[in-house]
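Presented below is the structure to which this report refers.
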Amino acid sequence: MDFALSPELRELQARVRSFIRERVMPFEADARWGRHGPSESLRDELVALARADGLLTPHASRELGGLGLSHVQKAVVFEEAGYSALGPTAMNIHAPDEGNIHLMEVVASPQQKERWLRPLVQGATRSCFCMTEPPPGAGADPSMLRTTAVRDGGDYVIDGVKWFITGAQGAGFAIIMARMEDGSATMFLSDMDRPGIEVERTMDAMDSCFTGGHGVVRFSGLRVPESDVLGEVGQGLRYAQVRLAPARLTHCMRWLGQAQRAHDEALAYARRRQSFGRPLGEHQGVGFMLADNEMDLHTARLHIWHTAWLLDRGERANFESSRAKVACSEAEWRVVDRSVQILGGQGVTGESAVARIFADMRAFRIYDGPSEVHRHSLGRKILAGRRDASLRQA
């Protein structure tokens, strides 16, 4: 594995770093950033800035107007974007749109790409991914799907309820996972303004970084034509892995930027704050926390880069993706938690960015599969001797 960055990637890294600090971070005090994320008007303004700087949707293919970044290149760019919680929104690399763009580039038909994907890449619309359901439906176990799709002539009729659907309020279209009559799963595309779709409510969640928040969506006799099936009928669970394995890793990348931001804020405070006659950071307890932060950040970065390198080589890397999701989400959480402790009272107020990062970061250990589910999956694969790739191959 070669960790050296090419001159071109270093230049892109510097561009993104400058864009986030100079153009995006000034918006962090904007009143349009509320409990359910940045408002549509704030998102549109941020997206316009990224578009003007040539940094919009950089992970998309060049054919669609992106930069065609590799997974390793995304690791560098997404971490820099994540330094501000508004950075991924500005650059159109936030969940769920980032994962939906990747999935649709692989699976969607040419007609579907023109109708839905191209406007998404251009930042002209938003999307949502409708898979998670209230109990007893699908959560971390997608095989428990209860939303149904029944064939009726040339259409499919979809009925069911989804929840924790990120970005549902205000989304232009949805990718819907539903169970077929034979028990298999299929993905469907649908505009959100079709009859039979209702966003019942927006849920109050700890995090506030996603435009549109997290919604409860009901499908009541939604008719979707056969042409709007995403990919092949019955292949929904396989496509979910196409989407989720890289999406877990990009979450790690973006949140690493947030963890680095929290650490930097804590470090600056530890240098300037005087306590018992000397800078706070010179006290051993605080110095140890700063050292532990550096080690956790480094460990998370290595997990991300190794898994990204495997994906760029064409490895499936599902084992490594799960491992990185657990290791990074927990390491990055520890960094933010220690940063709050170092900041003391400042860390639990809106006086710094760390309190918001803390609230957002806690959910990362649950999104895209709780740590416990990934550990269960990893344990089964270890016992069976099944691993997609290994560090020894590097």
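The numbers here are math on the coordinates, done by the rules we state, and not lab data. Source: prediction; values computed, not measured. Cβ coordinates were reconstructed from backbone atoms using ideal geometry, including for glycine residues, and neighbour counts include every protein chain displayed.
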What are the lysines whose alpha-carbon lies under 17 Å from the alpha-carbon of Lys325, with same-chain residues fewer than 8 places away excluded?
-> Lys74, Lys381
Once the mean 1/r over all distinct Cα pairs of the range 127-234 is inverted, what Kirkwood radius in angstroms do you read off?
-> 13.7
Treating the Cα atoms of the range 7-94 as identical point scatterers in vacuum, please give the log10 of the normalised Debye intensity I(q)/I(0) at q = 0.21 Å⁻¹, two decimals.
-> -0.95
With both partners inside the chain, how many of the DSSP beta bridges are antiparallel, as a percent to the nearest 5?
-> 85
For the chain, Cys with no neighbouring Cys Cβ under 4.7 Å = Cys128, Cys130, Cys209
Sorted from largest down, give the three principal axis spans of the alpha carbons of the chain, whole angstrom values.
-> 79, 51, 43
Using a 10 Å cut-off on Cβ atoms, rank the peptides 28-35, 84-91 from the highest mean neighbour count down.
-> 84-91, 28-35
Using eta = 1.002 mPa s and T = 20 °C, Stokes-Einstein with Kirkwood Rh from Cα pairs puts D for the range 237-393, in µm² s⁻¹, at 129
Of Glu80, Glu133, Glu63, which is the most mobile in a GNM of the chain whose springs link Cα atoms less than 10 angstrom apart?
-> Glu63
Using packing as a proxy for protection, rank 220-229, 165-174, 376-385 so that the peptide with the highest average count of other Cβ atoms within 10 Å comes first.
-> 165-174, 220-229, 376-385
Just grab the label-to-label distance for Arg271 and Asp53, each label 7 Å out from Cα along the Cβ direction, in nm (one decimal).
-> 2.3
By average C-beta atoms within 10 angstrom, highest first, the peptides 272-278, 179-185, 318-324 = 318-324, 179-185, 272-278
What aspartates and glutamates could a cross-link reach from Lys162, if we take a straight Cα to Cα line under 18 Å and drop same-chain neighbours fewer than 8 places away?
-> Asp97, Glu133, Asp141, Asp191, Asp193, Glu198, Glu200, Asp204, Asp368
Summing -39500 (n - 2.57) over every DSSP H run of at least 4 residues in the chain and dividing by its residue count gives a helix-only mean residue ellipticity at 222 nm, to the nearest 500 deg cm²/dmol, of -14500 deg cm²/dmol
